[in-house]
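Every number here is computed from the coordinates shown, using simple stated rules; none is lab data. All of these numbers come straight from a predicted model, not from anything done at the bench. Glycine gets a Cβ as well: all are built from the backbone with ideal geometry, and neighbour counts include every protein chain shown.
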Amino acid sequence: MKYYIATDHAGIDTKDFTKSLLEKKGYEVVDLSPKTKDRVDYPDFAKKVAKSVLEDKGSLGVLICGTGIGMSLTANKFDGIRAALCNDIYSASMAKAHNDANILCFGARIVGEGVIESIIDTWCKSEFEGGRHANRIAKINNSVDNC
Ligand code: RB5
């Protein structure tokens with residue numbers, strides 16, 4: 001399993017911590033973040049991860065910004081991306097189990113390292129349940145007009 005990860009300036013240290021958690025679990029992690037803490041625009045980095053996840057079938061993404069909101073809003077503009085804002089453990093579980101999310105987003109200014117570790121553990125262990133949820137994902141994919 002390959003992960004594409006990126007942050008903006010607000011989450012550089014958090015991104016390094018998260019990247020190391022994923023690597024310790026044996027995942028390959030491609031880091032598309034800015035190289036410095038200079039101010040950048042989060043949409044530019046959300047776009048890089050969203051495009052990479054779409055092009056590399058079966059890969060997943062992690063996007064971090066101050067709140068996780070800007071990253072998730074941007075990533076969800078890409079058809080086929082289901083970016084879930086998970087600043088808590090229950091959301092991280094449901095994002096996979098019910099929403100088949102392919103990008104995990106959270107806020108570096110909201111969650112600390114302990115919670116991030118639990119979010120990553122939960123996200124990595126959770127699997128899409130399919131069934132009735134698959135029908136709902138199909139409706140997302142077919143645009144809101146079909147809901
Ligand atoms: C940057 O200050 C901040 O706006 C950004 O990291 C993010 O929280 C936006 O949603």
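If each residue's Cβ is checked for other Cβ atoms within 10 Å, how do R132, R109 rank with the fewest at the top?
Ascending number of Cβ neighbours within 10 Å: R132, R109.
Determine the dipole magnitude for the chain: charges of +1 sit on the beta-carbon of Lys and Arg, -1 on that of Asp and Glu, nothing else is charged, the reference point is the Cα centre, and the result goes in debye to the nearest 20.
Charge dipole of the chain: 220 debye, to the nearest 20.
Straight-line reach only, C-alpha to C-alpha below 27 angstrom: list the lysines that K37 could link to, leaving out same-chain residues fewer than 8 apart.
Partners found: K2, K15, K19, K24, K25, K47, K48, K51, K77.
Which semi-axis lengths, in whole Å and largest first, follow from the square roots of five times the eigenvalues of the Cα gyration tensor of the chain?
23, 17, 14
What whole-number value in cubic angstrom gives the convex hull volume per residue for the C-alpha atoms of the range 98-145?
Enclosed volume per residue, from the Cα hull, is 88 Å³.
Can you tell me the Rg and the Dmax, both Å, for the Cα atoms in the range 61-125?
In order Rg, Dmax, the Cα atoms of the range 61-125 give 10.7, 33 Å.
Output the relative contact order of the chain, whole-number percent, from Cα pairs under 8 angstrom with separation of 6+ residues. Write down the numbers at each step before the final one.
On the way: 274 pairs, mean separation 33.9, N = 147.
Computed over the chain, the figure is 23 percent.
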